[in-house]
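What follows is a set of notes on a single structure, which appears directly below.
The values are calculated or read from the model by the stated rules, or taken from the named source; none is laboratory data. Here the structure is a predicted model, which means the values were calculated and not measured. FYI the Cβ positions are ideal-geometry reconstructions off the backbone, even for glycines, and counts take in every protein chain you see. Quick note on the areas: whole protein, heavy atoms, side chains included, nothing else; ligands and nucleic acids left out. Shrake-Rupley method; radii C 1.70, N 1.55, O 1.52, S 1.80 Å.
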Amino acid sequence: ASSAQPGLRGLWVDAFGVGLRSPKEVDDVVAAAKKLGVNAIFAQVGKRGDCYCNRASVPRAEDKDFVAGFDALEDLLTKAHASGIQVHAWMITTAVRSKQLKAPKNPKHVWNEHGEDQIGPDNWLIYRQDGTNDAGADYYLDPANPDAAQFITEMYTSVVKNYAVDGIMLDRVRYPDNNPTPMQ
C-alpha cells in the first residue's frame, strides 16, 4: 500500500447556474462532491463585481434565485469542511457588467461608482484605441488603473480575511483583447 497523498481532485461550481443560491443547492453540491470522491470544490462566488456571500468588500450577487440573507460561501465552507472537502473561492477579476443584463441596482456596485457613466479618474473601465469600452459580452475594469487594482485586491482579500477558504481562484486576469489603452 502506498502512503502517497491522493492529489487534488476538484469539482468546479459556476455561479451562472444552480449550485450556490440556496442551502438545498449547496447540500446537493457537497453530496455530489462526496459521491464523485473529490477533495476540493472550486466555487464561483463572484461573477461581476459581486459575491454569493455576505462579508466581502463587494455587494451580494443580484440573482433572483439567491436566497435573501443566505451566505452561500459560509454555508458551503461549513458543509464541505465537515466532509473533509476543501473550498476554493473562484472569482472573476476584471469583468464587472454583462452587456445583456440591466445595470446592477446596488449604488455601491463598482459599475455604478466607476462604470461608463463616470468621467475621468472615476471611470475604471478599459478602453480600446477606437474608444469603445466593452469586450464581447462584458465591460471590464482596467487592471492597470491603480484604483481598480486596489478594488480587485480588496475584493479577494476581503474573502480571505472573512472566510476560512482553502484557496482563491482568479479568473479573467487579463485584458479581454489586444488593444486596450488606459482612460485619459
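So if we plug the beta-carbon distance of residue 118 and residue 67 into 1/(1 + (r/R0)^6) with R0 = 30 Å, what FRET efficiency do we get, rounded to 0.05?
0.40
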Taking the Cα-to-Cβ direction at residue 169 and at residue 14 and moving 7 Å from each Cα, how far apart do the two end points lie in nm? 1.1 nm
Which of 46, 37, 115 fluctuates most in a GNM of the chain (C-alpha springs under 10 Å)? That residue is 37
Springs between alpha-carbon pairs under 10 angstrom, Gaussian network model over the chain: which of 11, 101, 170 fluctuates most? 101
Label selected from (1) 17.8; (2) 12.0; (3) 10.9, the criterion being mean projected area of the Cα convex hull in nm² as computed here: (2)
Okay, helix-only estimate at 222 nm for the chain: each DSSP H run of n ≥ 4 adds -39500 (n - 2.57), divide by all residues, round to 500 deg cm²/dmol; what do you get? -8000 deg cm²/dmol
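If you average 1/r over every pair of different alpha-carbon atoms in the range 1-100 and take one over that average, what Kirkwood value in Å do you get?
Evaluated on the range 1-100, it is 14.1 Å.
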Rounded to a whole %, the carbon-and-sulfur portion of the accessible area of the chain at a 1.4 Å probe is 53 percent
The range 39-92: trypsin sites (Lys or Arg not before Pro) in DSSP loop, at most 15 other beta carbons within 10 Å: 55, 64
Taking only protein heavy atoms into account and a 1.4 Å probe, give the accessible area per residue of the chain in Å². 51 Å²
